[in-house]
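Q: Submitted below is the structure of interest, expressed as structure tokens.
The values are calculated or read from the model by the stated rules, or taken from the named source; none is laboratory data. As the structure is a prediction and not an experimental result, all values here were calculated from the model. No Cβ is skipped: glycine too gets one built from the backbone with ideal geometry, and neighbour counts run over all protein chains shown. Just so you know, the surface numbers come from the protein's heavy atoms only, side chains and all, with ligands and any DNA or RNA stripped out. Shrake-Rupley method; radii C 1.70, N 1.55, O 1.52, S 1.80 Å.
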Amino acid sequence: DAKTTQPNSMESNEEEPVHLPCNHSTISGTDYIHWYRQLPSQGPEYVIHGLTSNVNNRMASLAIAEDRKSSTLILHRATLRDAAVYYCILVIRGNKLVFGAGTILRVKS
Amino acid sequence: EAEVAQSPRYKITEKSQAVAFWCDPISGHATLYWYRQILGQGPELLVQFQDESVVDDSQLPKDRFSAERLKGVDSTLKIQPAELGDSAMYLCASSLAQQGNEQFFGPGTRLTVL
């Protein structure tokens, strides 16, 4: 399974943008890049996904490098409710998710 | 808004006992997944169903774990006998069948084996 590399933790101030990086140098041409987050004591929650082009939705933006070997999840204005573990996942055939350890995002007020 | 339902939310059992978890996916979702999440780690896929058929159970410890989705709707995951190392969160998720679609997760069942 293709792997991703994320920082163990990051910290942000409330109301400021957050850029969460992810490296996936072994990505193949058909792998989708998915981001999920997991709030404390809850199941994971889908955030966004993309294949080649940058994507925007109401929760976040996903910036994908031209060579697709890295991507960045952008939260435009972090709130305390965005404190969670963020997982960057390459989705291979059959929609299988292989979770890594993710990035723990702490948001300071 | 439609949600994935799981029960029970919490389960405490003694080792060597049998336990079962139930999941009801979002209506119309053909694909159902069971994950196990050990504290401090990301979820690990145990089994994936497409309708009533198992399409991936490569990480399911088949000597003690079993999963079924008889009518292609709700699903049951069973552990018999439970071991101390089975203490974890068991998560169910569902999705439309196509690759790239998001998975919707339930709240999970927290299992503690004493």
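Q: Can you find a residue that is open to solvent by less than 20 Å² (accessible area, probe 1.4 Å) and in contact with an Asp or Glu (Cβ under 8 Å, 6 or more places away or on another chain) anywhere in segment B:50-63?
A: No.
Q: Same structure, new question: How many of the residues in segment B:75-114 are closer than 30 Å to A:Thr30 by Cβ, charged (D, E, K, R) and more than 9 Å from every other protein chain (Cβ to nearest Cβ)?
A: The total comes to 0.
Q: Would you confirm whether or not segment A:31-52 contains a residue that is touching a residue at least 60 places away in the same chain (Cβ under 8 Å), more than 9 Å from chain B (Cβ to nearest Cβ) and touching a helix residue (DSSP H, G or I) at 6+ places or on another chain (Cβ under 7 Å)?
A: No: zero hits.
Q: If you don't mind, there's one more thing I want to ask. Given B:Leu114, B:Leu91, B:Leu46, which one is touching a strand residue (DSSP E or B) at 6+ places or on another chain (Cβ under 9 Å) and over 26 Å from A:Lys3 (Cα atoms)? Can you show your working first?
A: Numbers: B:Leu91 fails: over 26 Å from A:Lys3 (Cα atoms); B:Leu46 fails: over 26 Å from A:Lys3 (Cα atoms).
One residue alone meets the criteria, B:Leu114.
Q: Here's something else I'd like to know. Would you call A:His34 surrounded by fewer than 21 Cβ atoms within 10 Å (Cβ to Cβ), out of contact with any Lys or Arg (no Cβ under 6 Å at 6 or more places or on another chain) and under 21 Å from B:Pro43 (Cβ atoms)?
A: no
Q: A further question on this structure: Which residues, taken from segment B:10-49, are of a type in the set (Phe, Trp, Tyr) and open to solvent by 50 Å² or more (accessible area, probe 1.4 Å)? Let's see the steps before the verdict.
A: Pass one, segment B:10-49, residues of a type in the set (Phe, Trp, Tyr): B:10, B:21-22, B:33-35, B:49.
If the condition is that a residue be of a type in the set (Phe, Trp, Tyr) and open to solvent by 50 Å² or more (accessible area, probe 1.4 Å), then B:Tyr10, B:Trp22 are the ones that fit.
Q: Condition first: within 14 Å of another protein chain (Cβ to nearest Cβ), of a type in the set (Gly, Ala, Ser), surrounded by fewer than 17 Cβ atoms within 10 Å (Cβ to Cβ) and touching a residue at least 40 places away in the same chain (Cβ under 8 Å). Now tell me which residues in segment A:77-109 satisfy that.
A: Narrowing segment A:77-109 to residues within 14 Å of another protein chain (Cβ to nearest Cβ): A:84-104.
In the following step, the residues that additionally are of a type in the set (Gly, Ala, Ser) were identified as A:84, A:94, A:100-102.
Right, trim to surrounded by fewer than 17 Cβ atoms within 10 Å (Cβ to Cβ) and you get A:94, A:100-101.
Across segment A:77-109, the qualifying residues are A:Gly100, A:Ala101.
Q: Which of (1) surrounded by fewer than 20 Cβ atoms within 10 Å (Cβ to Cβ); (2) touching a residue at least 24 places away in the same chain (Cβ under 8 Å); (3) under 20 Å from A:Asn95 (Cα atoms) does B:Ala67 not meet, given it meets every other one?
A: Checking B:Ala67 against (1) surrounded by fewer than 20 Cβ atoms within 10 Å (Cβ to Cβ); (2) touching a residue at least 24 places away in the same chain (Cβ under 8 Å); (3) under 20 Å from A:Asn95 (Cα atoms), the one that fails is (1).
Q: Consider A:Ile74 carefully, then state whether it is within 14 Å of another protein chain (Cβ to nearest Cβ) and either among the aromatic types (Phe, Trp, Tyr) or surrounded by 12 or more Cβ atoms within 10 Å (Cβ to Cβ) (or both). Write out each step before concluding.
A: Values: within 14 Å of another protein chain (Cβ to nearest Cβ): no; either among the aromatic types (Phe, Trp, Tyr) or surrounded by 12 or more Cβ atoms within 10 Å (Cβ to Cβ) (or both): yes.
In short, no.
Q: If you go through segment A:1-31, how many residues are open to solvent by 90 Å² or more (accessible area, probe 1.4 Å), of a type outside the set (S, T, N, Q) and under 18 Å from A:Asp67 (Cα atoms)?
A: Qualifying residue count for the region: 1.
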